[in-house]
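Here the structure is laid out as structure tokens; the discussion comes afterwards.
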There are 2 protein chains.
Amino acid sequence: MPGELTAKGRATRSRIVEGAAAVLREKGVGSATLDDVMARTRTSKSQLFHYFPAGKDELLVAVAQFEADRVLEDQQPYLGCLDSWEAWGRWRDVVIERYEAQGEQCPLGSLFLQVGRSTPGMRAIVIELTCRWQESLARGIRALQAGGRLPADLDVDTRAAALLAAIQGGVSILLSTGQSTHLRAALDQGIADLRRAGSGSGSVMA
Amino acid sequence: MPGELTAKGRATRSRIVEGAAAVLREKGVGSATLDDVMARTRTSKSQLFHYFPAGKDELLVAVAQFEADRVLEDQQPYLGCLDSWEAWGRWRDVVIERYEAQGEQCPLGSLFLQVGRSTPGMRAIVIELTCRWQESLARGIRALQAGGRLPADLDVDTRAAALLAAIQGGVSILLSTGQSTHLRAALDQGIADLRRAGSGSGSVMA
DNA sequence: CCAAAAGTGGACTATCCAGTCCACTGTACG
DNA sequence: CGTACAGTGGACTGGATAGTCCACTTTTGG
């Protein structure tokens, strides 16, 4: 089926994906139905199954891919050039702004936890996003090292992993409680600690 | 209905809650059905609705409360007396061990994201757990200050919030990807940074 | 011992929803 | 112009599942 799409067909397909993404954000994975998607995208059941023959699961994966791509895109151009403390600060602002605006709706988090464990394709998307995100952070840290703003003997990967975890957790808490204090704390503290990291290569207890 | 339970009734009720918790861990909120719970707990529909008149939602809230209580319990006695670096290290080990053993199954995370936003009671449970957890961490940090192991001019609450976010994120990533590297990084880095935190009260950019 | 209430079993209903089917319409292209 | 195929509409089916109902059993307490 794919690759054989007309301009009209492609338009409809992406209308479905974007509409489904919106529905999922609003209603959550558990409550969103194909009828919701149909209503939102002005399509019929046959179209849904025409473009996603494997049904709901296939659509969900497509939406997850769509959302995953947006996550990092939304952090650009800052995430792409974290080569000064000012850039880190601006990136921080963008992240907070994005997730505060998004509020309760979690495009991916719910998808992961709900469908992720069962579907193999979904997990791959999450893992790839995690890797790319962490790699971007690591590149930023290395850029700071290259600029002499951080010592060279830093455990970059652990730093990046910890920072990513902190952001993820902040977002989770924002989603669960509606408060962005933890996300702000995680980012501020994380960047501050990075800045302060002058000493050893991150050796830790036992 | 509550408070009027005989010994037998109480036994059945808690059997239902514990069994439902197990089912939810194994199958996820989205896939778990009342029939699953019935099979697991050797009960009938009428009993489920006898003890949880409001149906599935009420049962889910009860399970969430049950699981939330366990989260902090499982970290005891270490979480309760984080007054030395050794205690922090042992606590770290317990947390990692617990979540690695738990693996993919997330007792609460899925509950939050799935039901949390809709049900008011669920959110309250999450918020309370978050507060208690963060407060425990904060108490630990203050204990270190009291023992002279940390400077007094530390922004304890921000520290605790950031650390909690890091753990949450590490767990999220563990659930999504199956890897505990981020959780380990978050804990190790978080404790290391705390240890290194000698300077100012955490003032951060912009 | 005997009501009355708590506890239990399971058939039944109502509903919702993914997925199927087929008929209809628009459009590309000879 | 007309055929073939992509695209579209929506009724229909099958199955799963939350929730109801009532009859039956056990326990409680006087």
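The values are calculated or read from the model by the stated rules, or taken from the named source; none is laboratory data. Just so you know, these numbers come straight off a predicted model, no measurement behind them. Cβ coordinates were reconstructed from backbone atoms using ideal geometry, including for glycine residues, and neighbour counts include every protein chain displayed. Quick note on the areas: whole protein, heavy atoms, side chains included, nothing else; ligands and nucleic acids left out. Shrake-Rupley method; radii C 1.70, N 1.55, O 1.52, S 1.80 Å.
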Task: Meets criteria (out of contact with any His (no Cβ under 9 Å at 6 or more places or on another chain) and of a type outside the set (Lys, Arg)) for residue A:87 - done: yes
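Which of the following residues is more than 16 Å from DNA strand C (Cβ to nearest atom) and surrounded by fewer than 15 Cβ atoms within 10 Å (Cβ to Cβ): A:68, A:101, A:54? It would help to see each step written out before you state the result.
Values: A:68 fails: surrounded by fewer than 15 Cβ atoms within 10 Å (Cβ to Cβ); A:54 fails: more than 16 Å from DNA strand C (Cβ to nearest atom).
Matching residue, one of A:68, A:101, A:54: A:101.
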Open item on the list: Quick test for you: out of B:73, B:100, B:58, pick the one residue that is closer than 19 Å to residue B:30 by Cα and more than 12 Å from every other protein chain (Cβ to nearest Cβ).
Closed with: B:58
Task: Single condition residue A:30 does not satisfy, out of (1) assigned to a helix (DSSP H, G or I); (2) under 19 Å from residue A:104 (Cα atoms); (3) within 16 Å of DNA strand D (Cβ to nearest atom) - done: (1)
Open item on the list: For the stretch A:11-27, which positions are near DNA strand D (Cβ under 9 Å from one of its atoms) and open to solvent by 70 Å² or more (accessible area, probe 1.4 Å)?
Closed with: A:13, A:15
Task: Single match in B:73, B:104 (criterion: assigned by TED's automatic domain parsing to the domain that holds residue B:128, within 28 Å of residue A:108 (Cβ to Cβ) and not polar (S, T, N, Q)) - done: B:104
Task: Candidate set from the stretch A:134-153 (those that are in a helix (DSSP H, G or I) and open to solvent by 10 Å² or more (accessible area, probe 1.4 Å)); member that is nearest to residue A:109 (Cα to Cα) - done: A:134
Open item on the list: So residue A:123 passes all but one of these: (1) at pLDDT 90 or above; (2) over 18 Å from residue B:127 (Cα atoms). Which condition number does it fail?
Closed with: (1)
Open item on the list: Checking residue A:82 against (1) in the same structural domain as residue A:182 (by TED's automatic domain parsing); (2) closer than 24 Å to residue B:176 by Cα: exactly one of these is not met. Which one?
Closed with: (2)
- [ ] Residue by residue through the stretch A:9-33, note down the ones that are more than 11 Å from DNA strand C (Cβ to nearest atom) and β-branched (Val, Ile, Thr).
- [x] A:12, A:16, A:17
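Hey, could you check the stretch B:163-182 for residues that are touching a residue at least 12 places away in the same chain (Cβ under 8 Å) and more than 7 Å from chain A (Cβ to nearest Cβ) and say which is surrounded by the fewest Cβ atoms within 10 Å (Cβ to Cβ)? Break it down stepwise before answering.
Here is the first cut: in the stretch B:163-182, the residues touching a residue at least 12 places away in the same chain (Cβ under 8 Å) are B:163-164, B:166-167, B:169-172, B:174-175, B:178, B:180, B:182.
Adding the requirement that they be more than 7 Å from chain A (Cβ to nearest Cβ) leaves B:163, B:171, B:174, B:178, B:180.
Numbers: B:163: 29, B:171: 25, B:174: 23, B:178: 14, B:180: 18.
In this case the residue turns out to be B:178.
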Open item on the list: With the structure loaded, tell me whether residue A:197 is more than 7 Å from chain B (Cβ to nearest Cβ), over 25 Å from residue A:105 (Cα atoms) and modelled with pLDDT under 95 or whether it fails that test.
Closed with: yes
Open item on the list: Yes or no: the stretch B:1-8 includes at least one residue that is part of a helix (DSSP H, G or I), away from chain A (no Cβ under 14 Å), surrounded by fewer than 20 Cβ atoms within 10 Å (Cβ to Cβ) and within 10 Å of DNA strand C (Cβ to nearest atom).
Closed with: yes
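Check the stretch B:154-162 and report whether any residue there is of a type outside the set (Val, Ile, Thr), more than 23 Å from residue A:128 (Cβ to Cβ) and open to solvent by 40 Å² or more (accessible area, probe 1.4 Å).
Here is the first cut: in the stretch B:154-162, the residues of a type outside the set (Val, Ile, Thr) are B:154-155, B:157, B:159-162.
Next, from what is left, pick out any that are more than 23 Å from residue A:128 (Cβ to Cβ): B:154-155, B:157, B:159-162.
Of the ones still in play, those that are also open to solvent by 40 Å² or more (accessible area, probe 1.4 Å) are B:155, B:157.
The answer is yes; a qualifying residue exists.
Would you mind stating whether residue B:59 is surrounded by 20 or more Cβ atoms within 10 Å (Cβ to Cβ) and either free of Cβ contacts under 8 Å to residues at least 40 places away in the same chain or of a type in the set (A, V, I, L, M, F, W, C) (or both)? Please lay out each step first, then the result.
On the way: surrounded by 20 or more Cβ atoms within 10 Å (Cβ to Cβ): yes; either free of Cβ contacts under 8 Å to residues at least 40 places away in the same chain or of a type in the set (A, V, I, L, M, F, W, C) (or both): yes.
Answer is yes for this residue.
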TODO: Name, by its number, the condition in (1) assigned to a helix (DSSP H, G or I); (2) more than 12 Å from the chain's Cα centre (by Cα) that does not hold for residue A:77.
DONE: (1)
Open item on the list: Quick test for you: out of A:37, A:126, pick the one residue that is surrounded by 20 or more Cβ atoms within 10 Å (Cβ to Cβ), away from DNA strand C (no atom under 13 Å from the Cβ) and in a helix (DSSP H, G or I).
Closed with: A:126
